[in-house]
Amino acid sequence: MTTLSDWLAAQPVDPKLASVVATMATASAEIADVLRLAPISGQTGLAGQTNVQGEAQKALDVISNDIVLNHIRRNPDISILVSEELDEAVHIENQGRFLVATDPLDGSSNLDVNVTVGTIFSVLDATKGLLQPGSAQLAAGYAAYGPATSLVLTFGTSTAVFTLDADGTFQLTLDNMSVAPASAEYAINTARERLWDAATRGYVAENVAGETGPAGKRHNMRWVGSMVADIHRILMRGGIFLYPLDSETTSKGGRLRLLYEANPMALVVEAAGGRSTTGRERILDLVPTGIHQRVPVILGSAEEVARVEAWYAKIPAN
Ligand code: P6P
């Protein structure tokens, strides 16, 4: 098998950029170790503080963020960290040209029930500022802490999957991934149906209508409530993930964050041949207005995403 180190050494990228990805992989392996024993060590509870999103932080949110920050401080090629758990960007003096944006523990509300959660990260050129479009990402990926710990990476042109081995190294288990262009599986929180816009209602209604409806096939629905878990399923077997604008999220711009959730996931999925959109715009084209900006996220199998875009094209933007 090919280790992550060997695979990185073979990639046609700046070795310093490869070292940033290796740093996030090492941090993810350490987080995996902490999560595995958290119920025993009693770390699954609340941290007793809220983050910039106004969300109650789990102890493991704070611990995971600290693990990432500690590893980043030890890589001289990283000079800026943007994190969901930190109000402001952390600037590390006299360090190199890379910026890491991360959600150190996405889906942490699932920790108490032992459901897959993850670490999502995006790598940018720090010399070009904090607010760059996703298309400027130099690398992106996520770790999914599930029955196995998967590490999914892209430098923008292909997507690879690694699995954490017993010795703490990552082994290449899938290279040059491709998202199935067609699928009959969609992921959306259907409890929000009353809040959806006409495009989302139209798309989902077609799916629910099944074989005899406009979609012409029976669909299935999966919603884990953990973006990393849902996106990993879509990467591995096709499907579409939707967290669209709705009447509650419109005022905030959406539910999920652009810099460290939407952009890295969009790069991973597009590098595997999928599509990513807000419904009306390609996610990777958006120029951020703030480090914690929220956006609608619709991504996955190209044919399914195109169906959603066709619905939005029929409905004038507000
Ligand atoms: P809802 C987890 O809190 C998260 O940020 C994503 O991982 C997940 O896809 C989404 O929120 C779930 O949102 O509204 O279904 O709880």
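Numbers at a glance
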| read-out | value |
| --- | --- |
| Contacts under 7 angstrom Cβ, first residue in the range 298-318 being touching a residue at least 40 places away in the same chain (Cβ under 8 Å), partner assigned to a helix (DSSP H, G or I) and of a type in the set (Gly, Ala, Ser), 6 or more apart | 299/266; 308/199; 311/199; 311/202; 312/199; 315/198; 315/199 |
| Test: residue in the range 116-128 that is without any contact (Cβ under 8 Å) to a residue 24 or more places away in the chain and either within 16 Å of the ligand (Cβ to nearest atom) or out of contact with any Leu (no Cβ under 6 Å at 6 or more places or on another chain) (or both) | yes |
| Check on residue 102, within 16 Å of the ligand (Cβ to nearest atom), part of a strand (DSSP E or B) and under 26 Å from residue 148 (Cα atoms) | yes |
| Flag if residue 198 is under 21 Å from residue 243 (Cβ atoms) and surrounded by fewer than 18 Cβ atoms within 10 Å (Cβ to Cβ) | yes |
| Filter result for the condition that a residue is open to solvent by 30 Å² or more (accessible area, probe 1.4 Å) and under 27 Å from residue 315 (Cα atoms), over 263, 220 | 220 |
| Matching strands (runs of 3 or more DSSP E) fully within the range 146-246 where at least 3 residues are away from the ligand (no atom under 16 Å from the Cβ) | 149-154, 159-164, 170-174 |
| Test: residue in the range 251-258 that is away from the ligand (no atom under 13 Å from the Cβ) and crowded, with 24+ Cβ neighbours inside 10 Å | no |
| Residue that is farthest from residue 283 (Cα to Cα) [pool: residues in the range 247-261 that are out of contact with any helix residue (DSSP H, G or I) (no Cβ under 7 Å at 6 or more places or on another chain) and outside any loop (DSSP other than H, G, I, E, B)] | 251 |
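Rundown of residues vs (1) in contact with a Phe, Trp or Tyr (Cβ under 6 Å, 6 or more places away or on another chain); (2) assigned by TED's automatic domain parsing to the domain that holds residue 232; (3) open to solvent by 40 Å² or more (accessible area, probe 1.4 Å), yes/no style:
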| site | (1), (2), (3) |
| --- | --- |
| 131 | no, no, yes |
| 138 | no, no, yes |
| 142 | no, no, no |
| 145 | no, no, no |
| 154 | no, no, no |
| 165 | no, no, yes |
| 193 | no, yes, yes |
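The values are calculated or read from the model by the stated rules, or taken from the named source; none is laboratory data. Given the structure is predicted, the values throughout are model-derived calculations rather than measurements. Here the Cβ is made from the backbone with ideal geometry for all residues, glycine too, and neighbour counts use every protein chain on show. Side chains included, ligands, DNA and RNA excluded: accessible areas come from the protein's heavy atoms. Shrake-Rupley method; radii C 1.70, N 1.55, O 1.52, S 1.80 Å.
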